[in-house]
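Beneath this line is the structure, given in C-alpha cells, with notes to follow.
Values in this text are rule-based calculations from the coordinates and carry no lab data. All figures in this text were calculated on a predicted structure; none of them were measured in a lab. Don't worry about glycine lacking a Cβ; one is built from the backbone with ideal geometry, like all the others, and counts go over all protein chains shown.
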Amino acid sequence: MIGRLLVLVLVFATGCASVSTFFSGNDDPLYSTEGEENLKKGNEALESKNYLEASKYFEFTRTKFPYLEVSKEAELKLADCSFEQEKYVEARDRYHNFVRLHPTHPKVDYAAFRAAQTHFRDIPSDFFLLPPAIEKDQVELKGALIALNEFVRLYPRSEHQEAAKKIIADVRRRLARHELYVAEFYRKREKWPAVVNRLTVVQKNFTGIGFDADVAFGLHDAHLALKQPDKARTALALFVEQFPSDEQAGKAKSLLARLPAPEAPAPAPEAPATP
C-alpha cells in the first residue's frame with residue numbers, strides 16, 4: 001500500500017513538473033515553457049562559466065520564442081558565450097549579425113563595442129615560448145583600431161565610449177611601438193630609406209602619444225646618413241614647434257644649431273634683354 005502511494009506521488013509530481021518544464025533528452029537541461037525562465041537559467045550558467053549549458057539555454061530560447069524580446073537577448077548572450085570562451089571570430093560574427101538584424105535594439109551599441117573588442121582580444125600574446133607580440137603581424141591591432149574608431153563615430157552617446165577610447169589609446173601605442181621596433185631593425189642594418197619610411201608612419205599617424213622625440217631624433221640621424229641635412233633640420237624643427245615644452249626640446253635645439261645652414265635657393269635666371 002505504501003509503495004503504491006509513493007508511485008502515485010512520484011507520478012503526480014512528475015505531471016506537475018511537466019506543466020512548467022520538459023526534458024529534451026540528449027543530456028540537455030530541463031527547459032522551461034517560459035522564455036524568461038530559460039534566459040535566467042542561461043545567465044546563471046554563463047556567470048558560473050558553464051558555457052555549454054548556457055549556450056543550450058540561450059539557443060533554446062532563441063529558437064522556441066522567436067517573436068519575443070527574450071529571443072533577441074538570447075542571440076546577444078550566445079555571442080557573449082563565444083566571447084568568454086575566446087572564440088573571437090565566432091563571437092564577432094554573432095555580434096555583427098545582431099547589429100545587422102536589430103539596429104534599433106537598446107543594446108546594439110554593446111554588440112558593436114564587443115565586436116570591435118574581439119580584434120583587440122585576438123592580438124598575439126607575449127607567451128614566453130613565442131616571439132614578442134611587437135615582432136608579430138599587427139593585423140588584429142589594425143582591425144581593432146578601425147573597428148573601435150568606427151564604434152566611437154557611430155555611437156557617440158554609448159556608455160561604452162570611454163572604454164573604447166582607452167582601448168584605442170592602447171592600440172595606437174602598440175602600433176607605434178611596432179613601427180619603432182621595425183625602424184630600429186633597419187637602423188642596425190643601415191637601411192636608411194626604410195628607417196625613414198617607418199618613422200614617418202609614426203610621425204603622421206601616432207603623434208602626441210610619447211614617441212615624438214624618438215621619431216624626430218631618428219629621422220635626424222637617418223636623413224644625415226642619407227646626406228639630406230635639410231630634411232634632418234625639418235624633422236627637428238617640427239618637433240620643437242609642436243612640443244616646445246618637451247624635456248627633449250633642448251636637445252633638439254642643440255642639434256639644430258650644429259646643422260649647416262639651409263642652402264639658399266639658386267637665383268632665377270635673368271630674362272634675356274629684349275632688343
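Okay, here's what the table says:
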| read-out | value |
| --- | --- |
| Least to most buried among F98, F217 (fewest other Cβ within 10 Å first) | F217, F98 |
| Residue-count net charge about K87 - beta-carbon cut-off 13 Å; Lys, Arg +1, Asp, Glu -1 | -2 |
| Neighbour-count order for E44, E73, fewest beta carbons within 10 angstrom listed first | E44, E73 |
| Packing-based exposure ordering (other Cβ within 10 Å, fewest first) of V152, V171 | V152, V171 |
| Sequence-distant residues sharing a close amide H with Y31 (under 5 Å, placed H) | F22, S24 |
| Violating pairs (Cα-Cα greater than 30 angstrom) within the set K56/K142; K41/K142; K87/K107; K87/K191; K188/K251; K56/K107 | K56/K142; K41/K142; K87/K191 |
